[in-house]
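Novice: I have a structure I would like to understand better, so I am pasting it below and will then ask my questions one at a time.
The values are calculated or read from the model by the stated rules, or taken from the named source; none is laboratory data. Everything numeric in this text was worked out from a predicted model, so none of it was measured. Note: ideal-geometry Cβ built from the backbone for every residue, glycine included; neighbour counts use all protein chains shown. Heavy atoms of the whole protein, side chains included, go into the accessibility calculation; ligands, DNA and RNA do not. Shrake-Rupley method; radii C 1.70, N 1.55, O 1.52, S 1.80 Å.
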Amino acid sequence: MKKNLSLVVLLAAFVLVLGGAFLLYSRLGSQYAPDTLASEEPSPSPTPSADSSDAGEVPDSDATPEESEDEENDEPQLTAAPDFTVADLEGNEVHLSDFIGKPIILNFWASWCGPCKKEMPDFDELYAEYGEDIHFVMVNMTDGSRETLEGASEFIEEQGYSFPVYYDTEYDAAITYGVTALPTTYFIDAEGYLVAHALSALDRETILTGIDMILPAA
C-alpha cells in the first residue's frame, strides 16, 4: 500500500514538473517567435552629477524656470546607428553613414541561411515599392569560406533580386552590430537613429510595420 502511495506521489510530482516546463517553454518561445519586431530602447537623458553638490560649488542660478522645466521634461534619446564599412560587388567601399538622409533597412543575410531565403522575396518586392524613399542595405556575411563573394553574387543573380547588396568581407559590419544569428534586421530613421530590430525572419506584414516606424508620414 505504501509503495502504491509513493508511486502516486512521484507520478503527481512528475506531472507538475512537466506542466511547469511546458509553461516556461511557452513563455520563452513567445518572446523569440518568428516575425517579432522589437523597438529600440531609448538611451536615458544625462542627469546632473552628484559631485556638483560638493562643498565649494554653487548650483547655476542663471537658468530661468522655463529652462529648468524643459530640462526636467527632456525625453530619452534614441541611439545613433553605428557606422561601418562594407564593399559593393566592384570592391568600392560603402559606409552606412552614406545613406543617412533617408530611412534605412539594414539586413544581414547569407545564401546558406534558410530563413534569409524565406524573407528575401518580400524584401525584394518592397524594395521595388519603397526603393525611392528607403535605402535597403542588404549586407552579405561574406566570410570567404562558407560564404564567398562569388557564391553570394551568383545566388542573387540566379534569384533575380534587384535590391542592392553589399559584402562584409572584413567583418566590420558584423562585429559593429554584434551579429550572431541570421537573418538580423534593423530599421533606422532618416536621421540615423535605431528605431527597431528583429533577430528572425520577417514576413511582409512585419517588414511593413517596420517601414511605418521609420518612414515619415505623408
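Novice: Restricting to the stretch 182-211, give me the number of residues that are touching a Gly at 6+ places or on another chain (Cβ under 8 Å) and of a type in the set (Gly, Ala, Ser).
Specialist: The number of residues fulfilling the criteria is 3.
Here is a yes/no grid of residues against (1) aliphatic (A, V, I, L, M); (2) open to solvent by 20 Å² or more (accessible area, probe 1.4 Å); (3) touching a helix residue (DSSP H, G or I) at 6+ places or on another chain (Cβ under 6 Å); (4) in a loop (DSSP other than H, G, I, E, B):
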{"residue": "GLU129", "(1), (2), (3), (4)": "no, yes, no, no"}
{"residue": "PHE136", "(1), (2), (3), (4)": "no, no, yes, no"}
{"residue": "VAL139", "(1), (2), (3), (4)": "yes, no, yes, no"}
{"residue": "GLU150", "(1), (2), (3), (4)": "no, yes, no, no"}
{"residue": "SER153", "(1), (2), (3), (4)": "no, yes, no, no"}
{"residue": "ILE175", "(1), (2), (3), (4)": "yes, yes, no, no"}
{"residue": "PHE187", "(1), (2), (3), (4)": "no, no, yes, no"}
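Residue by residue, here is whether (1) part of a loop (DSSP other than H, G, I, E, B); (2) touching a helix residue (DSSP H, G or I) at 6+ places or on another chain (Cβ under 7 Å); (3) of a type in the set (Ser, Thr, Tyr); (4) modelled with pLDDT of 95 or more holds:
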| residue | (1), (2), (3), (4) |
| --- | --- |
| THR180 | yes, no, yes, no |
| GLU191 | yes, no, no, yes |
| LEU194 | no, no, no, yes |
| ALA218 | yes, no, no, no |
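Novice: Filter the stretch 81-94 down to residues that are open to solvent by 60 Å² or more (accessible area, probe 1.4 Å) and over 21 Å from PHE155 (Cβ atoms) and give me whichever is farthest from the chain's Cα centre (by Cα).
Specialist: The initial filter retains those residues of the stretch 81-94 that are open to solvent by 60 Å² or more (accessible area, probe 1.4 Å), namely 83, 89-90, 92-93.
Retained after the next criterion (residues that are over 21 Å from PHE155 (Cβ atoms)): 83, 93.
Values: ASP83: 14, GLU93: 23 Å.
Applying the filter and picking the extreme gives GLU93.
Novice: Let me ask another. Between residues in the stretch 96-120 that are closer than 16 Å to GLU158 by Cα and small (Gly, Ala, Ser) and residues that are outside any loop (DSSP other than H, G, I, E, B) and open to solvent by 60 Å² or more (accessible area, probe 1.4 Å), which pairs lie under 9 Å by C-beta distance while being six or more apart or on different chains?
Specialist: SER111/LYS117; SER111/GLU154
Novice: I need a count of the residues in the stretch 84-114 that are over 22 Å from VAL195 (Cβ atoms) and of a type outside the set (D, E, K, R).
Specialist: Looking only at that region, the number is 10.
Novice: Of all the residues that make up the stretch 155-172, how many are among the β-branched types (Val, Ile, Thr) and not in a strand (DSSP E or B)?
Specialist: Start the filter on the stretch 155-172 by keeping residues that are among the β-branched types (Val, Ile, Thr), which leaves 156, 165, 169.
Now restrict to residues that are not in a strand (DSSP E or B): 156, 169.
Count: 2.
Results for (1) touching a residue at least 60 places away in the same chain (Cβ under 8 Å); (2) under 16 Å from the mean Cα position of the chain (by Cα), shown as yes or no for each residue.
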site: MET141; (1), (2): no, yes
site: GLU150; (1), (2): no, no
site: GLU154; (1), (2): no, no
site: TYR161; (1), (2): no, no
site: THR176; (1), (2): yes, yes
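Novice: Here is a check on your reading of the model: is GLU125 in contact (Cβ under 8 Å) with a residue 40 or more places away in the chain and not in a strand (DSSP E or B)?
Specialist: yes
Novice: Specify the residue that is nearest to TYR127 (Cα to Cα); the eligible residues are those in the stretch 196-212 that are in a loop (DSSP other than H, G, I, E, B) and either open to solvent by 20 Å² or more (accessible area, probe 1.4 Å) or small (Gly, Ala, Ser) (or both).
Specialist: Within the stretch 196-212, the match that is nearest to TYR127 (Cα to Cα) is ASP203.
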